[in-house]
Structure formats: C-alpha cells, structure tokens
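Asks: The following block contains the structure, expressed as structure tokens.
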Amino acid sequence: MLSEQLFIIAGVLLLASIFASKAAIKFGIPALLLFLGIGMLAGSEGIGGIYFDDPRLTQLIGTLALTLILFAAGLDTEWQRIRPVFAKGLILATVGVIITAIIVGLFAWFILGSFSSFNVGLQGITWQQGLLLGAIVSSTDAAAVFSILRASNLNLKGNLQPLLELESCSNDPMAVLLTVELVKIIITSNTSPITFGLSLMQQLVVGMILGYGAGRGIVWVLNNLRLSSQGLYPVATLALVLLTSGVTTVVGGNGFLAVYIAGIVMGNYKFTCQETIISFHDGLSWLMQIIMFLVLGLLVFPSQLLPIAWIGLTIALFLIFVARPISVFLCLLPFRLNVREKIFLSWGGLRGAVPIVLATFPLAARISDASQLFNVVFFVVLISVLSQGLSLTPVARWLGLINNP
C-alpha cells in the first residue's frame with residue numbers, strides 16, 4: 001500500500017506543478033513561486049501533512065538537479081547569439097558574483113552583529129557566516145529569468161536579453177564555488193586567503209578544461225557509438241554528463257562549471273540524434289526543476305519564517321537596491337551600456353532555487369545557525385521573485401527598453 005500511496009502523491013504533485021507552470025506562463029508569474037508553494041502546501045504544516053526534514057537528501061537532489069539543469073541550459077545556448085555579450089556575461093557571472101557576495105556578506109555581518117538583541121538564533125554571527133550568506137544569495141536564477149522573459153514575450157532592445165540569460169545560466173558555478181569553500185573555511189577554521197584563492201582558481205581552471213574536453217568527447221562518442229535504438233542515445237548522454245561532473249569534482253574541479261561548458265560545446269556541434277537528445281534533456285531539466293522546487297518547499301517550515309522576516313526583508317532590500325546595482329555598474333564600466341540598460345540588468349537579477357539549494361550545504365555540514373541561515377535565504381528569494389519577477393516587464397517598459405512591434 002505504501003508504494004501505491006507514494007505513486008499517487010508523486011503523480012498529484014507533478015500534475016499540479018505542470019498545471020501551475022501553465023498558469024505561470026499565462027499570468028507572467030515565475031513558476032518557481034508556484035512550485036515552491038505546492039511543496040509548502042504538501043508539507044507538514046500544509047494540507048498535505050508530509051513531514052520532510054532531511055537536508056542531506058535535499059542537497060543530493062539539488063546537486064543532481066542543478067547538474068542536469070545547467071547541462072540542458074548549456075546545450076540550448078547558441079554561440080552566435082551569446083558571442084556579442086560573452087565578455088560582459090562572463091564578468092557578471094564571476095566578478096559580479098564575488099562583489100555581490102562580499103557586499104551582502106559584510107552587510108549581513110554588520111546588521112546581525114549590531115542588532116543581535118533582535119535576532120532569532122543568529123546572535124554573534126561571524127564574518128565567515130556573513131560571507132557565506134552573501135555567497136549563497138550571490139547568483140541569479142536561470143529558470144526564473146527564462147520563464148519571465150519568454151512568458152512575457154519581451155522584445156528588448158540591443159543584446160539585453162541574451163546578456164541577462166547568459167549571466168543567469170553561467171553564474172551558478174561561481175556561487176557554488178564560493179559557498180563550498182566558505183563552508184570548508186568555517187568547518188576547518190582555515191581562513192588563509194591564499195589557500196582560498198588557489199582552491200578557487202584550481203576549481204575554475206580544471207572545470208573549464210575538463211568541461212571543454214568532455215563536450216568534444218561526448219560529441220565524438222555519440223557520432224561513433226552506432227547504437228541499435230535511438231532511445232539509447234539520450235541515456236548515453238545522461239551517463240556521460242554524470243561521469244563528467246563526478247570525475248571533475250574528484251580531481252579538484254567544479255562539476256557544475258564542467259557540465260555547463262560541456263553543454264555549450266556540444267550544442268554548437270553536430271551529433272547523432274541531436275533533436276532527440278536536446279528534447280530529452282529539455283524535458284529532464286523541467287522534471288528536475290519541479291522535483292527540486294517541490295522538495296525545497298517540503299523542507300521549509302512556514303512557522304519558522306515569521307521570526308526572521310525582518311532580517312530577510314532587510315537583506316533582500318539591500319541586495320536588490322544596493323549590492324546588485326553596485327555589482328552591475330562596476331562590472332560593466334569597461335563596456336558601452338547606458339544607465340537605463342544597467343538599471344534594467346540590475347533589476348533583472350532574480351534570485352531563485354540555486355540560493356535555496358546552496359543554503360542546504362551548511363545545513364548538511366551542521367554549521368552553527370545553519371537552519372536560521374536557510375530560512376533567511378528562503379525569505380530573501382521570495383522577496384526577490386515577488387518584487388523583481390512580477391515587475392520586470394513594467395520596469396523594462398518604464399525604462400524605454402522594449403522595441404515597438
């Protein structure tokens with residue numbers, strides 16, 4: 001009976017998420033919000049009553065989901081489309097993430113230290129924990145950005161749309177790198193900036209090299225495999241993607257960066273059963289997004305959000321109106337973009353599932369105050385998606401950045 005009940009629950013949740021995605025596209029609402037809402041309703045404090053409190057399993061599911069989502073995003077990236085904005089997107093996705101993490105981290109350390117008497121479980125937050133919080137919320141969300149831009153059919157001027165999409169797809173690996181390294185620092189108490197910098201550089205370089213090699217290698221394997229059934233080619237690709245991520249991580253590289261670059265390389269070469277494989281990974285990416293958001297929704301206890309609401313709101317507003325604009329304006333100084341375009345890019349930095357997944361890393365590592373950090377991050381994401389996500393189209397119109405039909 002247990003298996004039948006699980007099948008029914010899984011089927012109902014997946015169908016509810018699919019219908020929610022249709023509603024999200026129709027009304028221009030980020031699907032992330034609805035998926036999370038369904039998970040919270042199904043949770044222990046919702047009507048579903050499903051008790052779930054396993055950060056390690058959530059981290060595992062989130063890591064797998066992000067790996068497959070990033071590969072699918074890379075596979076769908078056309079080099080000709082992103083080439084004009086590649087340098088801008090790369091700087092925003094690396095330097096921009098670091099700047100955002102530092103600014104938010106120092107602000108969180110100051111706020112949570114200065115007003116510790118008002119905190120709930122976050123008294124005496126260290127600067128390492130502050131930077132960890134900043135790193136967790138430093139990346140923008142590809143799923144949220146894509147769903148809003150494409151659902152609203154915005155015809156943005158210039159190369160704003162590919163730039164925003166490229167940044168949102170490619171800045172997750174840097175946020176993961178910073179989060180993982182800061183978790184290590186907090187656990188080991190090793191705060192050497194040289195060690196931190198060398199480890200960061202190693203993961204970037206190894207990830208890029210193995211990612212490019214894996215992309216070329218997967219194309220070669222697919223073109224020479226000669227399988228008896230077309231249905232086996234997507235399975236072979238999936239196996240090679242997981243192998244790429246695992247091997248890259250084992251040898252000291254960043255697996256997320258490797259699979260994203262492998263996807264970009266693959267997507268710009270011809271290979272056997274190309275349409276079938278791309279369609280398979282697109283569907284798999286949607287499935288992973290739904291599962292990830294549902295599980296994250298189940299992990300949240302809404303009653304724990306209210307006590308940290310003012311903290312989350314303060315950090316979210318600082319991130320949206322101060323940290324993100326500073327990061328964008330500094331990173332784009334060498335490029336010819338006007339103020340209105342930079343303001344729009346600043347406002348388009350939606351936070352989404354990635355920060356919530358990254359917030360499970362300190363939970364799984366049993367770092368002090370990790371549960372409260374998770375709740376703060378969840379609240380920051382909700383504020384970001386609600387405020388920026390729902391107003392992205394009006395802001396673009398107000399700034400005069402939409403081409404007339």
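Asks: Based on this model, can you work out whether LEU32 counts as modelled with pLDDT under 80, under 15 Å from LEU296 (Cα atoms) and either over 17 Å from the mean Cα position of the chain (by Cα) or crowded, with 22+ Cβ neighbours inside 10 Å (or both)? Can you show your working first?
Replies: Numbers: modelled with pLDDT under 80: yes; under 15 Å from LEU296 (Cα atoms): yes; either over 17 Å from the mean Cα position of the chain (by Cα) or crowded, with 22+ Cβ neighbours inside 10 Å (or both): yes.
Judged against the criteria, LEU32 is a match.
Asks: Hey, another quick one. Among (1) touching a residue at least 24 places away in the same chain (Cβ under 8 Å); (2) assigned to a helix (DSSP H, G or I); (3) over 22 Å from the mean Cα position of the chain (by Cα); (4) surrounded by fewer than 21 Cβ atoms within 10 Å (Cβ to Cβ), which single condition is GLY213 missing?
Replies: Result: GLY213 passes all but (1).
Asks: Of everything in region 296-312, what is over 15 Å from the mean Cα position of the chain (by Cα), assigned to a helix (DSSP H, G or I) and closer than 16 Å to GLY48 by Cα? Give them in sequence order.
Replies: GLY297, LEU298, LEU299, PRO302, SER303 - these are the residues of region 296-312 that are over 15 Å from the mean Cα position of the chain (by Cα), assigned to a helix (DSSP H, G or I) and closer than 16 Å to GLY48 by Cα.
Asks: Tell me, yes or no, whether region 194-206 has at least one residue that is modelled with pLDDT of 90 or more, surrounded by fewer than 20 Cβ atoms within 10 Å (Cβ to Cβ) and of a type in the set (Phe, Trp, Tyr).
Replies: no
Asks: Shifting gears a bit: It is to be established whether one or more residues within region 338-361 are in contact (Cβ under 8 Å) with a residue 12 or more places away in the chain, part of a helix (DSSP H, G or I), of a type in the set (D, E, K, R) and buried (at least 24 other Cβ atoms within 10 Å of the Cβ).
Replies: No, that holds for no residue.
Asks: Let me ask something additional. Among the residues of region 195-208 satisfying the criterion of being more than 17 Å from THR67 (Cα to Cα) and not aromatic (Phe, Trp, Tyr), which is nearest to the chain's Cα centre (by Cα)?
Replies: For region 195-208, the residue satisfying everything is LEU200.
Asks: If you scan region 216-250, which residues turn out to be among the aromatic types (Phe, Trp, Tyr) and in contact (Cβ under 8 Å) with a residue 24 or more places away in the chain?
Replies: The answer is TYR233, and nothing else.
Asks: Since LEU13 meets every condition but one in (1) crowded, with 21+ Cβ neighbours inside 10 Å; (2) within 30 Å of ILE367 (Cα to Cα), which condition does it not meet?
Replies: Evaluating LEU13 over (1) crowded, with 21+ Cβ neighbours inside 10 Å; (2) within 30 Å of ILE367 (Cα to Cα) leaves (2) as the failure.
Asks: Restricting the first residue to region 157-172 and requiring it to be closer than 16 Å to ARG351 by Cα, which pairs with a second residue that is part of a loop (DSSP other than H, G, I, E, B) meet a Cβ separation below 7 Å and a spacing of at least six or different chains?
Replies: Matching pairs, first to second residue: LEU164/GLY348; GLU167/THR140; SER168/THR140; SER168/ASP141; CYS169/THR77; ASN171/SER139; ASN171/THR140; ASP172/SER139.
The values are calculated or read from the model by the stated rules, or taken from the named source; none is laboratory data. Note that the structure is predicted; figures quoted are calculated from it, not measured. Quick reminder, even Gly has a Cβ in these numbers, built from the backbone with ideal geometry, and neighbours come from all protein chains shown.
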